[in-house]
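Right, one structure below, let's go through it.
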Amino acid sequence: MGKVCVAGAGEIHIDYHTGKLTCGGVTLSEGDPISINGSTGEVINGSIATADSELKQVLVGKTLKPADSPVFQYYNSLMKLADK
């Protein structure tokens with residue numbers, strides 16, 4: 001769906017009128033950058049650097065050679081098994 005979701009965030013208080021979010025003694029204003037770990041649900045104050053997955057680097061960006069990517073090699077072996 002292209003969206004991230006954090007469930008069970010009961011400690012977060014959002015004041016829609018003022019555009020403020022408060023949690024754990026930290027207050028953020030609307031427009032402040034946050035980062036969300038879609039695997040763990042962790043919400044991080046501020047922007048963090050990200051990188052494309054190895055598969056995306058090999059298949060889409062062509063910035064990583066298949067021979068240099070153990071993840072791609074494993075994926076490729078699975079895809080060959082699926083073709084049988």
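The values are calculated or read from the model by the stated rules, or taken from the named source; none is laboratory data. What you see is a predicted model; the values in this text were computed from it and never measured. Because the Cβ atoms are built from the backbone with ideal geometry, glycine has one as well, and the counts that use them run over all protein chains shown. Side chains included, ligands, DNA and RNA excluded: accessible areas come from the protein's heavy atoms. Shrake-Rupley method; radii C 1.70, N 1.55, O 1.52, S 1.80 Å.
With all protein chains present, how much of the accessible area of the chain (probe radius 1.4 Å) comes from carbon and sulfur, to the nearest whole percent? Carbon plus sulfur share of accessible area: 56 percent. Positive-end ranking of L55, H17, P66 along the dipole of the chain, with charges on Cβ about the Cα centre, is headed by P66. Pairwise inverse Cα distances across the chain, averaged and inverted, put the Kirkwood hydrodynamic radius at 16.3 Å. What you get for the chain, charging only the Cβ of Lys and Arg (+1) and of Asp and Glu (-1), is a dipole of about 480 debye around the Cα centre. Our coupling estimate for the stretch 64-79, obtained by passing each phi through the Karplus curve with A = 6.51, B = -1.76, C = 1.60 and θ = phi - 60°, is 9, 6, x, 5, 8, 10, x, 5, 5, 4, 5, 4, 5, 5, 5, 5 Hz, Gly and Pro reported as x.
With each label modelled as a point 7 angstrom along the Cα→C-beta vector, the Y74-K20 pair spans 4.6 nm.
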